[in-house]
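Here's the structure, in structure tokens; my notes come after.
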2 protein chains.
Amino acid sequence: MQTRCTFSTLPKTISQVISSSGSSVVKTNGWIRSIRRKKTVAFADLVDGTTSEPLQILLSQNEANQLSNGCSVELTGELKKSEGKLSRLEFHPINLKILGSSNAETYPMQKKYHTAGYLRQQAHLRSRTSLFSIILRLRSKITTQLHSFFSSNNFIHTHPPVITSSDCEGAGETFGIRPENFFSTSANLSVSCQLHLEALSMGVNRVWSLNPTFRAEGSVTSRHLAEFWMLEAEMSFIENLETVMSLVEGLIKNVTGKLIEDEAWKEFESVKGRENGTIVDTRDHWMRLMGEWKRISYADAIEILRSSSESFQFEPAWGLSLHSEHEKYLATNGPIFITDYPRSLKPFYMLASSSTTVAGFDLLFPTIGELAGGSLREHSYERLEQRMKEDGIDIPWYLELRKWGTVPRGGFGVGFERLLMFLVAQENVRDVISFPRWRGNCRF
Amino acid sequence: MQTRCTFSTLPKTISQVISSSGSSVVKTNGWIRSIRRKKTVAFADLVDGTTSEPLQILLSQNEANQLSNGCSVELTGELKKSEGKLSRLEFHPINLKILGSSNAETYPMQKKYHTAGYLRQQAHLRSRTSLFSIILRLRSKITTQLHSFFSSNNFIHTHPPVITSSDCEGAGETFGIRPENFFSTSANLSVSCQLHLEALSMGVNRVWSLNPTFRAEGSVTSRHLAEFWMLEAEMSFIENLETVMSLVEGLIKNVTGKLIEDEAWKEFESVKGRENGTIVDTRDHWMRLMGEWKRISYADAIEILRSSSESFQFEPAWGLSLHSEHEKYLATNGPIFITDYPRSLKPFYMLASSSTTVAGFDLLFPTIGELAGGSLREHSYERLEQRMKEDGIDIPWYLELRKWGTVPRGGFGVGFERLLMFLVAQENVRDVISFPRWRGNCRF
């Protein structure tokens, strides 16, 4: 019996047409990006977002006159080698059908440079640009690769809840829900899946999730969203913070390595100097991640900052948070883990690593700053109870996880959009998520 | 350069120990599920949720006396063939370390039958049961397979927003968010990703998502959750409803076929008659999905219902909704698509298939009833504008998608937990999601 079936009744995408060999008659569809009229013939670039390479269509003047930028067409024809100087492929239509016309003058996606800010105001049409469609494809590829990486390491993918009565980080900056009495208890949108992932990992050892998380952030910066996706993992039977850091490093290198192996950087070549001039050499950019990642303590980081010749706006000192300027300085030469922060700076659930520090880390990335955080989790019932009391936190079921067969444990969370921001070299986190939400902005 | 790296510094899981050959000394971890004391020796079942097969540990009486059900241990030792009658594998510990003790008398996960209702009240510990850990593993496997299926069919995985200002189904039963003025516009939790997926598919052709969706449902039934995950896909350049139905059928058969191929039913053998006697023969159950799925019109469905000898609580008649009893009757012999519902029963965005019907379908499943719904979407600007006016719906950006280069299109949504309910043969949707939310219930 054939139990695996793929699905093959869909019309061919442009990506499929370009990669198929032979010159049989095929049908494909797309949007006209641009038209170039020559003396006797015309050429149109057809796109459908499945590849950054447009399909070049050979047209008669008469056919070309019926088309305009942005209109959608169905084409039946043959793919042939161009007779021109550049041996590009050319699609020779036998039949051309206009599916939807477009008034080229009012069409918001002109064939010219649009600012990122303008495109955010056209979020519903933004996927028609080369750059944003590449970002969408890359995001999808990374998500699929995450499943592959985690399942090969015995992690189970889970869907922890979005609405929760258990606030992981201790009040503040959460969204509540209406109607307020719906759940009997007060409920808010989750800021992290950690507590629920820990509960699951107490049964099935290793779990991960890629879930939406929410912060009612007052600050509006290029690195913050009110709704973003967080990649989190929790493991039971882990006694060493090094293991957690190695997992984060291994997973990001795995994902990046897959992009390099698949030559995904080639997609970016096509948009260089066209839609957005700021794209760096993508392969080199990704290769920066494949070297050694340093691991230093918070105390050493403070020493490095204090002895640097850089003039910081905020003076670094033991016991104070690292500011964004400090984080970016420390990560200048590549990703770096900062470990053993003062206990006063970190949440109640982190295991102590000394009388004054905790076994936790922040992962800092060049240009981004903080990308991820992780820690060993306090696994002693008595010590956790004490810490929760001190902080005025009351989550009985979370404490109870340590009551019967507690285990040493650890985990981490990666800001998924921040990782994407780095990988696609965008300066604003709003440009790596399809419909960004931030204070005052939920138009779509 | 080696760009792919897997991560190998984690201790071995029980699944890895059992599947590894050779008798070298290994370290593993887990929780004691039960202890059987014999005359001179004792045996303990060790579990860690990575496989349904417990690891049998050979212990001295002295070692066994230190252990109790639920406690967690770290073991170093060798895996050997048992000398007993059943040639099971036995783990011979060289070193046994108790990580976390457990008071067997108060431990909520006794080695006995617990009702599903009791386990829901222990949602934070539920993953320690065989059945729930199987469900977690199966859910994860299915999610990973979905990525494989969709990417092989040129679909891009996306993360549409959870907080939205655009209510797809037209008000009612949505959760709002607080603070209410955060986004300037009113905002609610999404009941479906469809509108946003359509926008993305207008740029990149085919998209899919597996996103949390929310309904502030008044009705509390075994098939409804206030928070559930919806599997949705949208395609541009689709002119035929058959194509959409074939995609749904192809994908569910692909996922199920993969489970059969991987012999995933064997996991359920282990819990039969132990934790929950209601598990059916899983392989046979899955094979029911691999045959032909019927496709009939709503009009024909009404005729079948009216001419049946079944006495329904609600009389079926053209123009009225199908009730749950009708849906289950129609799907008695296998999955069935019901197409061309009266326009008055379906939302504004569906394309007309006649003057009184729409090109949409519901997919009905045995025992479950409605599992999925899909349709061709109205792609004419003028007709959509008219329908939106009639229904008093005002989503300017959604209408605008039809303004420049509109295309014939279609898509569907599958209730992911309902699909799981069927696959794992559970009677309550609350038992296939880790932390279920329903009216009055958000304890965790």
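Quick notes
- Scanning region A:329-376 for residues that are over 23 Å from A:Arg418 (Cβ atoms), open to solvent by less than 20 Å² (accessible area, probe 1.4 Å) and β-branched (Val, Ile, Thr) yields a single hit, A:Thr357.
- Verdict on B:Phe183 being open to solvent by less than 10 Å² (accessible area, probe 1.4 Å) and in contact with a strand residue (DSSP E or B) (Cβ under 9 Å, 6 or more places away or on another chain): yes
- The lone exception for B:Pro161 - which of (1) in a loop (DSSP other than H, G, I, E, B); (2) open to solvent by 10 Å² or more (accessible area, probe 1.4 Å) it fails: (2)
- For region B:247-266, the set of residues classified as more than 7 Å from chain A (Cβ to nearest Cβ), hydrophobic (A, V, I, L, M, F, W, C), out of contact with any strand residue (DSSP E or B) (no Cβ under 9 Å at 6 or more places or on another chain) and part of a helix (DSSP H, G or I) consists of B:Val255, B:Leu259, listed by residue number.
- From the list B:Ser82, B:Ser72, the lone residue that is outside the structural domain of B:Leu131 (by TED's automatic domain parsing) and within 34 Å of the chain's Cα centre (by Cα) is B:Ser72.
- Test for B:Ala199: is it surrounded by 24 or more Cβ atoms within 10 Å (Cβ to Cβ), touching a Phe, Trp or Tyr at 6+ places or on another chain (Cβ under 6 Å) and facing another protein chain (nearest Cβ under 9 Å): no
- Residues of region A:178-209 satisfying the condition of being in contact with a Ser or Thr (Cβ under 9 Å, 6 or more places away or on another chain), part of a helix (DSSP H, G or I) and under 25 Å from B:Leu189 (Cα atoms): A:Leu195, A:His196, A:Leu197
- Across region B:16-51, the qualifying residues are those that are basic (Lys, Arg) and without any contact (Cβ under 8 Å) to a residue 12 or more places away in the chain, and the one among them that is most open to solvent (accessible area, probe 1.4 Å) is B:Lys39.
- When B:Asp394 is tested against the conditions (1) open to solvent by less than 30 Å² (accessible area, probe 1.4 Å); (2) without any contact (Cβ under 8 Å) to a residue 60 or more places away in the chain, the lone failure is (1).
- Cβ-Cβ contacts under 6 Å between residues 6 or more apart (or on different chains), taken from a first residue in region A:96-110 that is assigned to a loop (DSSP other than H, G, I, E, B) to a second residue that is of a type in the set (A, V, I, L, M, F, W, C), are listed as A:Ser101/A:Cys71; A:Ser102/A:Cys71; A:Ser102/B:Trp404; A:Tyr107/B:Trp404; A:Pro108/A:Leu125; A:Met109/A:Leu125.
- Residues (under 13 Å from A:Ser34 (Cα atoms) and either of a type in the set (A, V, I, L, M) or away from every other protein chain (no Cβ under 14 Å) (or both)) located in region A:61-72: A:Ala64, A:Asn65, A:Leu67
- Against the list (1) assigned to a helix (DSSP H, G or I); (2) modelled with pLDDT of 95 or more, the condition B:Met235 fails is (1).
- Scanning region A:218-246 for residues that are among the small types (Gly, Ala, Ser) and either more than 8 Å from every other protein chain (Cβ to nearest Cβ) or within 30 Å of B:Leu189 (Cβ to Cβ) (or both) yields A:Gly218, A:Ser219, A:Ser222, A:Ala226, A:Ala233.
- Among residues of region B:52-84, those that are touching a residue at least 40 places away in the same chain (Cβ under 8 Å) and either exposed (fewer than 13 other Cβ atoms within 10 Å of the Cβ) or among the aromatic types (Phe, Trp, Tyr) (or both), counted: 1
- Residue identified as within 11 Å of chain B (Cβ to nearest Cβ) and not β-branched (Val, Ile, Thr) among A:Arg120, A:Arg128, A:Arg88: A:Arg128
- Test: residue in region B:224-236 that is open to solvent by 20 Å² or more (accessible area, probe 1.4 Å), out of contact with any Leu (no Cβ under 9 Å at 6 or more places or on another chain) and without any contact (Cβ under 8 Å) to a residue 12 or more places away in the chain: no
- Residues within region A:85-136 that are buried (at least 20 other Cβ atoms within 10 Å of the Cβ) and among the polar types (S, T, N, Q), tallied: 5
- Candidate set from region A:148-158 (those that are open to solvent by 10 Å² or more (accessible area, probe 1.4 Å) and part of a helix (DSSP H, G or I)); member that is farthest from B:Thr50 (Cα to Cα): A:Ser148
- Of note, A:Arg402 does not satisfy the criterion of being of a type in the set (Lys, Arg) and either more than 9 Å from every other protein chain (Cβ to nearest Cβ) or buried (at least 23 other Cβ atoms within 10 Å of the Cβ) (or both).
- Residue that is farthest from A:Ala425 (Cα to Cα) [pool: residues in region A:140-157 that are in contact with a helix residue (DSSP H, G or I) (Cβ under 6 Å, 6 or more places away or on another chain) and in contact (Cβ under 8 Å) with a residue 12 or more places away in the chain]: A:Ile156
- Filter result for B:Arg443 (of a type in the set (D, E, K, R), open to solvent by 30 Å² or more (accessible area, probe 1.4 Å), touching a helix residue (DSSP H, G or I) at 6+ places or on another chain (Cβ under 8 Å) and touching a residue at least 40 places away in the same chain (Cβ under 8 Å)): yes
- Matching option when the condition is in the same structural domain as B:Asn240 (by TED's automatic domain parsing) and either under 30 Å from B:Leu423 (Cα atoms) or assigned to a strand (DSSP E or B) (or both), among B:His379, B:His326: B:His326
- Positions within region A:422-440 being part of a helix (DSSP H, G or I) and open to solvent by less than 10 Å² (accessible area, probe 1.4 Å), in sequence order: A:Phe422, A:Leu423, A:Val429
- Of the residues making up region A:138-147, just one is open to solvent by 30 Å² or more (accessible area, probe 1.4 Å) and facing another protein chain (nearest Cβ under 7 Å), namely A:Thr144.
The values are calculated or read from the model by the stated rules, or taken from the named source; none is laboratory data. Remember, it's a predicted structure, so these values are computed and weren't measured experimentally. Glycine also receives a Cβ, built like all others from the backbone with ideal geometry; neighbour counts cover every protein chain displayed. Accessible surface is based on the protein model in full, side chains and every heavy atom, while ligands, DNA and RNA are left aside. Shrake-Rupley method; radii C 1.70, N 1.55, O 1.52, S 1.80 Å.
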